Amino acid sequence: MKNYDKIIFELSKPGRKGYSLPKDKYETEGLKSIPTDLLREKPADLPEVSELDVVRHYTNLSNKNFGVDTGFYPLGSCTMKYNPKINEELCSLPSFTSLHPLQDEESVQGALELYWNLQRMLSEIAGLEEFTLNPYAGAHGELTGLMVMKKYHESRGDHKRKKVIVPDSAHGTNPASAMVAGFDVVEVKSKPNGSIDVEDLKPLLDDTVAGIMMTNPNTLGMFETEITDIAKLVHEAGGLLYYDGANLNPLLGKVRPGDMGFDIMHINLHKTFSTPHGGGGPGSGPVGVASHLVQYLPNPRVVKDEKGKFHIEGNNNEALGNISGFLGNFGVMMRAYAYILSLGKEHIKDVGPLATLNANYIKENLKDDYLLPIEGVCKHEFVFDGLKDKSTEVTTLNVAKRLLDYGFHAPTIYFPLLFHESMMIEPTETESKDTLDSFINVMHEIAREARETPELVKNAPNNTIVRKLDETTAAKNPILTYKALKEQEA
Ligand SMILES: *Cc1c(COP(=O)(O)O)cnc(C)c1O
């Protein structure tokens, strides 16, 4: 195994170079012009490789990768839809890529107009008064939104409100963000059908409640039909409703969180609005608020004056301070803007029904082999509780790894925590019936293998670039740089 790693990673040969520079200009005169205290004492310890070595290395690495552009990626909750290439083309225009965030306002009117227009579009889609596009991710949006919630209560002198209610099915970032924002987290239970238990919620609603964090449809893909009652109860208790926008996809252009009674929300542009994600970024988590909270949104903001000119404002007293460098991930905003405009008002409302149809098609075709804990029509995603036949002892992890052998990305596994063997499947609207059918066939095939040749599934993956990873060692002793590899070998 060690030797195999070496073949992939160790390409360096002493003296091999991928460049040549005119000797006189750079190696003698050039060196003289650099102050001696800034010069390296010895050459940097870099791999010595030819240009061809580098090209082959990265091209081969890219072929070993898996992405939406290589195969089906039904990673529940993550909305791994296709990222249209027209978005990439538009945001690669030099007039955008050569901008600098410290440029004079006057010289970036077009960029500010894009930011402002996207704010307005998201407000329309969300049914909320105003948006900031500054946060870098969904979780960052949650923190920002909860800081707005805190500021709202504090500005009213309502200092008792320290409690944020989170459903037991929530994404881990929800309680984590509430803790980081300085709240105490209280869990509310789900009913057997996966929706919030209103009877369990009622006793929690006292004058210490700051708010509740929810997503609708919830993490089981089920629409919370009692949402308007829940909103009424929370508001009557003096709390606010926070909407985790990760599940906005099935509602696009159909239902608006603001109309359901939510006061604050984030949107994951990298999920719902088709901007590339994976491997940790980049993302964008715009935060929208209802009219009574607009003054607390963070600085800086983009505003439009009566002459139609755009300005960056950073002097709003009641606002949160800066939560990001400048105005956030502009490249991601450009892609989301292009995506919304290319679908237009007419077609944006087709996204949800198609995503919903695809999810239900897979669910209904697989529920003979996989355990469906919650029956009924789901929205854009659903959860199986592992294989139906538990006697084979083939786990959700095994099925997920076996899927890799067949060239599919695995679903989200062991989340939500409501079931022991959760397998959360979200196909998105961009997949064809042919792709869904081959996924369904492979899932049936794996269920058959689990019955007939369980060891094959338990030992998977069998034909991927790397086999089952030692995740503990990878986390505790990661080798992420060339220097770390050298040290490891020394
Ligand atoms: C993805 C996700 C988040 C967090 O969003 P990031 O952009 O990954 O920070 C929060 N809640 C749910 C339900 C999610 O799926």
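Taken together, the values in this text are just the output of simple stated rules run on the coordinates, not laboratory data. Please read these numbers as outputs of a predicted model, since none were measured by experiment. Cβ coordinates were reconstructed from backbone atoms using ideal geometry, including for glycine residues, and neighbour counts include every protein chain displayed.
Assorted remarks:
- This ranking places Ser33, Ser195 by how few other beta-carbon atoms lie within 10 Å of each, fewest first, which gives Ser33, Ser195.
- Rounded to the nearest 500, the 222 nm mean residue ellipticity of the chain from helices alone is -11500 deg cm²/dmol, with -39,500 (n - 2.57) taken per DSSP H run of at least 4 residues.
- Gain on full stretching of the segment that runs from Glu106 to Asn462 - 0.36 nm per residue minus C-alpha separation: 122.3 nm
- From least to most packed, judged by other beta carbons within 10 angstrom and beginning with the fewest, His153, His235, His380 follow the order His235, His153, His380.
- Cβ-based exposure ranking for Arg16, Arg402, Arg256, in which fewest neighbours within 10 Å come first: Arg16, Arg256, Arg402
- Shape category assigned to the chain from the gyration tensor of Cα positions, a/c cut at 1.5: oblate
- In straight-distance terms, cross-link reach from Lys160 covers every one of the lysines whose alpha-carbon lies under 27 Å from its own, apart from those fewer than eight places away in the same chain; here that gives Lys150, Lys151, Lys189, Lys202, Lys232.
- Annotation: average projected area of the stretch 131-240 is 6.9 square nanometres, based on the convex hull of Cα atoms across all directions.
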